[in-house]
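Notes follow once the structure below has been shown.
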Number of protein chains: 2
Amino acid sequence: MKTAITPTRAEDFSQWYQNLIVAADLAESAPVRGCMTIKPYGWAIWELMRDEMDKRIKENGVQNANFPLLIPIDYFNREAEHVAGFAKEAAVVTHYRLKKIDGKLQPDPDAELTEPYVIRPTSETIIGEAMSRWVKSYRDLPMKLNQWVNVMRWEMRPRMFLRTSEFNWQEGHNVFATHDEANADARKMHKMYGEYMRNVLSIPCIMGEKTPEERFAGADHTYTVEQIMQDGKALQAGTSHDLGQHFAKSFGIQFLGTSGKLEHAWTTSWGTSTRMMGGLFMTHSDDDGLVLPPAVAPYQVVIIPITRDETADDLNAYGHALATRLRGAGVRVLVDDSDMRSPDKMWKWIKRGVPLRVEVGSREMETDAITVTRRDIGKDSKKTISSAEFVAHVNDMLRQVQYDMLAAAQKRNESMIHNVNDLAELDAALESGKIGFFRIKYDLTTNDKFDAMMEKYKISRRCLDDNDPSYVFVAKSY
Amino acid sequence: MKTAITPTRAEDFSQWYQNLIVAADLAESAPVRGCMTIKPYGWAIWELMRDEMDKRIKENGVQNANFPLLIPIDYFNREAEHVAGFAKEAAVVTHYRLKKIDGKLQPDPDAELTEPYVIRPTSETIIGEAMSRWVKSYRDLPMKLNQWVNVMRWEMRPRMFLRTSEFNWQEGHNVFATHDEANADARKMHKMYGEYMRNVLSIPCIMGEKTPEERFAGADHTYTVEQIMQDGKALQAGTSHDLGQHFAKSFGIQFLGTSGKLEHAWTTSWGTSTRMMGGLFMTHSDDDGLVLPPAVAPYQVVIIPITRDETADDLNAYGHALATRLRGAGVRVLVDDSDMRSPDKMWKWIKRGVPLRVEVGSREMETDAITVTRRDIGKDSKKTISSAEFVAHVNDMLRQVQYDMLAAAQKRNESMIHNVNDLAELDAALESGKIGFFRIKYDLTTNDKFDAMMEKYKISRRCLDDNDPSYVFVAKSY
């Protein structure tokens, strides 16, 4: 059977993903090393994802603010593990003026900065400096801040949405009076991410703590949200860090405690990014293109009038009247009354993953009916019902799609998690081409033999099992 | 009389403005040359401003997208006027890695970029390049795109919100098949800005075209929205540019016309930024602090329980019950049940400009009443009414504040616009210390004598008079 995307997932998952992004008109590579341009349809998805996340962030008592893009090189340097983690991918601003020299526009040698700046790869340092001035007493705590910004980590092997030099994200930075509170909050934001992935993106996640080898540069504990893609690879979709007193000590975040003594605070940071979009696309899409959960679909319903010339005006009007009723029910809807051929319109919206596709032809119009097809199921779900019934039940149908997509992803996840008893079993499974997450005793993965396997199979420790942290999940990853 | 802000506006407007920003906890200077950190209360105002603007942008058929932060130096160079306008304030990225050399973290000499990048000062060039690929035929036009991003123009004389090296803005970029359509759209977005300033920010603006001397670098026509501050100075709060075919030719944005011939398109760009916040603060605020129009007030109502120890719990509960009813009426409300002294709470929210301040004491609670004071009027508006009446009329009251603030600003504007017949009259008016906008024949301002006056009085041509473009408005400016 011919599919809208070639190659198919089974034929070449990686190339399928690249072609999916083109077919759904989501994004393209930019003429800047490792960067991408997110096109309107992709950005509309991100705006919905962002707004749902922002709502949850605010419900957690966090306030948004905005810190500078550039970070003085010296700040970056104050926390040893942090700088070691990010120095190798830092974009550095060294000049503040251009000049034409020998007919060529160049950095003006007379405008070189004495102290260069780094484009933020993350903002623990510059926010730490601000908090050292903003936090004075225990009354100021907890202080919970977040920003939605772009960051930059120079990327040598870029991949659309998954790894790009510039990306958009939210980074939360909280400060507490005690380690217990900080750790509990890092776990709370971690749980919030898990809930968001399930309920908004219909993605069930493996939730757990990173092993010491995989922690964030400068953290005591890193909690991660790991997703399993259809090819069995892991995608780290969000992390929440208990930073201990590392940044509080490096930046002097101190508060006057109830006892009247000056104490160092405890900080956390937590982030999710446009990378989640890659996870969303790779989790649900199929060989005909994108499949979007209704919660983040720019159009939840698309109405396609199946017109012949003599009926076009009437059918378009019928479609627009239906759209008005659906909007009244709170649904995001588009009527495609463009002059494309009807089959082309259908394929356009299949590729873009609109959850419910509604066709209206002369037969439907005569009986005040509609024909609806679910994107996640396809033609087996196609049915003709009265427009009144559709309007009355459209929100139920959308909820059902949202839920069924989660259930399908959950079922696939379960088939992709494998217990292995020792490294020999793991080796055999990987050698035989088995895909997914392998659950193994953590202490088995802290030796030279496992290091060699990581190298050989490109696997890594994803996270400890929350139910029994003596086990770790191991997988290939994006 | 003692005011919350010293010096007062009359004593030292410039210092008053700086102190206002501190008193209302809006922002602070960042440890990055010319940059600022926008604090939570300031950012909450911006989010409301942004959402109102974004709604209007989408209603105009514009789609949001996201283009890269960095621009290849060569792109920047392709439009001659454009590069001349921005080269002197460009932040340049020259390296992609840091390295410790002689114990000091520095740009790694082995990671120097062959072609440096400029942090976008605006995105006509990189968006032009994308459009040259995205626009193929007349069917693709008009194409209307916008992005909400940070940009950077190295600033030697920074001033909070008004001129900062990094700032946040929206930049719209539209493409059309004909010059007429492009020009009409540039004017339409200009009008949209004017409507937004009036209805959302309660600021009446002088709307007109920039003279050729003041145009955007690379535009045929620039339409500007000029605001008159309380000190009589002009603030350019938004611009819309008819770019002719400058960028279409530099970047090859061509389309197959209805006639079957390849033609260059016509482009526009239009932008507003966090600078508007400076205009908002300087237009409405007084010697006691910020005064916010309800449309962009993070809290439209603040409820302050005037507690004595024995009544605190009851009064706080009374305040929260009232807040719930107000939220039901769609109002953004805060109950300040912190343990600050009541007068300190009152001054805190006066300085932060909350439109309606509600006090509830034992007397109010006993009679199910509230005492409300309008921030824009002060104690003359203070009245005690039943809580039921307040809840029933709160939206009317907020609309009245919104309208009265516009009317007050309009009245002040009118007193600050002066007709002058010749340069001698202008000279005399400025010499005598008269403040505001001076309306004068445009041809009188295109000679050496006027150039000398611009230098002497730090004035500039703000825009032509839309009603009679042979006249120009001249003023000092931010």
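The values are calculated or read from the model by the stated rules, or taken from the named source; none is laboratory data. As the structure is a computational prediction, the values presented were derived from the model and not from experiment. Ideal geometry is used to build each Cβ from the backbone, glycine not excepted, and the neighbour counts take in all protein chains shown. Protein only, heavy atoms only, side chains kept; ligands, DNA and RNA dropped before computing areas. Shrake-Rupley method; radii C 1.70, N 1.55, O 1.52, S 1.80 Å.
Details
- Based on the Stokes-Einstein relation at 25 °C and a viscosity of 0.890 mPa s, and on the Kirkwood radius from alpha carbon pairs, region A:418-476 is assigned a translational diffusion coefficient of 220 µm²/s.
- Here the spin labels are modelled as points 7 Å beyond Cα on the Cα-Cβ line, and at residue B:429 and residue A:179 they lie 7.0 nm apart.
- Sparse-neighbourhood loop sites, trypsin sites (Lys or Arg not before Pro) in region A:1-99 - DSSP loop, at most 11 other Cβ within 10 angstrom: A:2
- Antiparallel bridge percentage (DSSP; both residues within chain B; nearest 5): 80
- Order of exposure, largest accessible area first, which applies to A:299, B:478 with probe 1.4 Å: A:299, B:478
- Of the accessible area of chain A, computed with a 1.4 Å probe over protein heavy atoms only, carbon and sulfur atoms account for 48 percent.
- For region B:294-413, the share of DSSP beta bridges that are antiparallel, to the nearest 5, is 50%.
- The separation of region A:163-240 from region A:393-445, counted between C-alpha centres, amounts to 18 Å.
- Of all lysines in the structure, the ones whose alpha carbon falls short of 27 Å from that of residue A:449, not counting any fewer than 8 places away in one chain, are A:210, A:233, A:434, A:441, A:458, A:476.
- Taking label points 7 Å from Cα along the Cα-to-Cβ direction, residue B:58 and residue B:29 give a separation of 3.9 nm.
- Region B:336-411 shape via C-alpha gyration tensor axes, a/c threshold 1.5: oblate
- Within region B:291-340, the trypsin sites (Lys or Arg not before Pro) that combine a DSSP coil assignment with at most 14 other C-beta atoms in a 10 angstrom radius are B:308.
- The charge dipole of the protein assembly as shown, taken about its Cα centre with unit charges on the Cβ of Lys, Arg, Asp and Glu (plus for the first two, minus for the last two), comes to roughly 0 debye.
- Averaging over all projection directions, the Cα-based convex hull of region B:271-353 occupies 6.5 nm² in the image plane.
- Residue-count net charge about residue B:448 - beta-carbon cut-off 13 Å; Lys, Arg +1, Asp, Glu -1: 0
- The aspartates and glutamates within cross-link reach of residue B:144, meaning a Cα-to-Cα straight distance under 14 Å and a gap of 8 or more places when in the same chain, are B:54, B:59, B:124, B:171, B:181, B:185, B:242.
- Threshold 40 Å², region B:22-44 residues less accessible with all protein chains present than alone (1.4 Å probe): B:28, B:31, B:32, B:37, B:40, B:43
- Averaged over the residues of peptide A:82-91, the number of Cβ atoms from other protein chains lying within 10 Å of each residue's Cβ is 4.
- With protein chains left intact and a 1.4 Å probe, residues in chain B average 40 Å² of accessible area per residue.
- Label-point gap, in nm, between residue B:198 and residue B:104 - each point 7 angstrom along Cα→Cβ: 5.8
- Scattering curve values for chain B, log₁₀ I(q)/I(0), Debye with Cα scatterers, q = 0.08, 0.11, 0.12 Å⁻¹: -0.58, -0.99, -1.12
- The order of A:460, A:415, B:477 by accessible area, most exposed first and with a 1.4 Å probe, is A:415, B:477, A:460.
- Here residue A:470 and residue B:114 are evaluated by their C-beta separation; at R0 = 51 Å the FRET efficiency comes out at 0.50.
- Relative contact order (%) - region B:67-226, alpha-carbon pairs under 8 angstrom, separation at least six: 20
- Pairwise inverse Cα distances across the protein assembly as shown, averaged and inverted, put the Kirkwood hydrodynamic radius at 30.7 Å.
- Chain pair B, A: total accessible area buried, heavy atoms, 1.4 Å probe, Å²: 5200
- Looking at region A:407-478, the trypsin sites (Lys or Arg not before Pro) that sit in a DSSP loop and have at most 14 other Cβ atoms within 10 Å of their own Cβ are A:434, A:458.
- Across chain B, the relative contact order, built from alpha-carbon pairs under 8 Å that are at least six residues apart, equals 14 percent.
- Here's the picture: a label point sits 7 Å out from the Cα of residue B:22 along the beta-carbon direction, and within region B:277-321 the residues with their amide nitrogen under 17 Å of it are B:287-290.
- Net charge, residue B:138 excluded, C-beta distance under 13 Å - Lys, Arg +1, Asp, Glu -1: -1
- For region B:145-209: rounded, prolate or oblate by the Cα gyration tensor [a/c cutoff 1.5]: oblate
- Cα gyration tensor shape of region A:223-372, rounded if a/c is under 1.5, else prolate or oblate by comparing a/b with b/c: prolate
- Length released on extending from residue B:368 to residue B:477, taking residue separation times 0.36 nm less the Cα-Cα span: 34.2 nm
- Taking the Cα centre of region B:294-413 as origin and assigning +1 to Lys and Arg Cβ atoms and -1 to Asp and Glu Cβ atoms, the resulting dipole is close to 800 debye.
- Taking other residues whose beta carbon is less than 12 angstrom from the beta carbon of residue A:124, and scoring Lys, Arg as +1 and Asp, Glu as -1, yields -2.
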